Amino acid sequence: ITPGNNTNVFLIRSYSGEVVISNELDYERQESYILTIVASNTGSTITTATFTLTINITNVNEAYPVFPQDSYSFDVSENASFNYPVGTVSATDSDHGPAGVITLTMPGSSDFAINQKTGEISLKTGLDYLLKQFYFYIVNAIDNG
């Protein structure tokens, strides 16, 4: 193997010509490899053949979504209007591509809504401080893996 195998991820079995993985593959580091394979004989007249082999790595869901902090706290006035933006939560996922796309949910909330992509939490109903002063909800971050 000539160009394309800089990190020695692949090797060729000389007895079969089979290309095998010899080191760890990681889609997040490199999504594909373009290898130049040179085959030659050992007879009295040396002849060679060259071809290009492209290997595309398939991404797997190796990482889980992570929130940058354990909890969030927001203050909102009881006079806030419908759709008032209360605050934003976020999560990250180190996977690339679809496996790293996160959807945020806030199950069981009838008073607040969450934008599944941006994490912005907004008011869905009117608030009454005399009836309820604190709201506690769990936000879930779900990846597409």
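Residue 113 satisfies every condition listed in (1) more than 30 Å from residue 1 (Cα to Cα); (2) of a type outside the set (Val, Ile, Thr); (3) part of a loop (DSSP other than H, G, I, E, B) except (3).
Among the residues of the stretch 32-42, is there at least one that is open to solvent by 80 Å² or more (accessible area, probe 1.4 Å), under 30 Å from residue 14 (Cα atoms) and assigned to a loop (DSSP other than H, G, I, E, B)? Yes, that holds for at least one residue. When the stretch 2-15 is limited to residues that are open to solvent by 50 Å² or more (accessible area, probe 1.4 Å), part of a loop (DSSP other than H, G, I, E, B) and of a type outside the set (Ser, Thr, Tyr), the one that is farthest from residue 99 (Cα to Cα) turns out to be 13.
The number of residues in the stretch 48-64 that are in contact with a Gly (Cβ under 9 Å, 6 or more places away or on another chain), part of a loop (DSSP other than H, G, I, E, B) and of a type outside the set (S, T, N, Q) comes to 4. A count restricted to the stretch 16-31 and to residues that are part of a loop (DSSP other than H, G, I, E, B) and more than 18 Å from residue 51 (Cα to Cα) stands at 10.
Exactly one residue out of 48, 125, 54, 58 is more than 20 Å from the chain's Cα centre (by Cα) and open to solvent by 90 Å² or more (accessible area, probe 1.4 Å): that is 48. Of the residues examined, residue 93 is one that is of a type outside the set (Gly, Ala, Ser), surrounded by 17 or more Cβ atoms within 10 Å (Cβ to Cβ) and in contact (Cβ under 8 Å) with a residue 40 or more places away in the chain.
The values are calculated or read from the model by the stated rules, or taken from the named source; none is laboratory data. On a predicted model such as this, the values are computed, not experimentally measured, just so you know. Virtual Cβ from ideal backbone geometry, glycine too; neighbours counted across all protein chains shown. The protein model used for the area step is the full one, side chains on, heavy atoms only, and it has no ligands, DNA or RNA in it. Shrake-Rupley method; radii C 1.70, N 1.55, O 1.52, S 1.80 Å.
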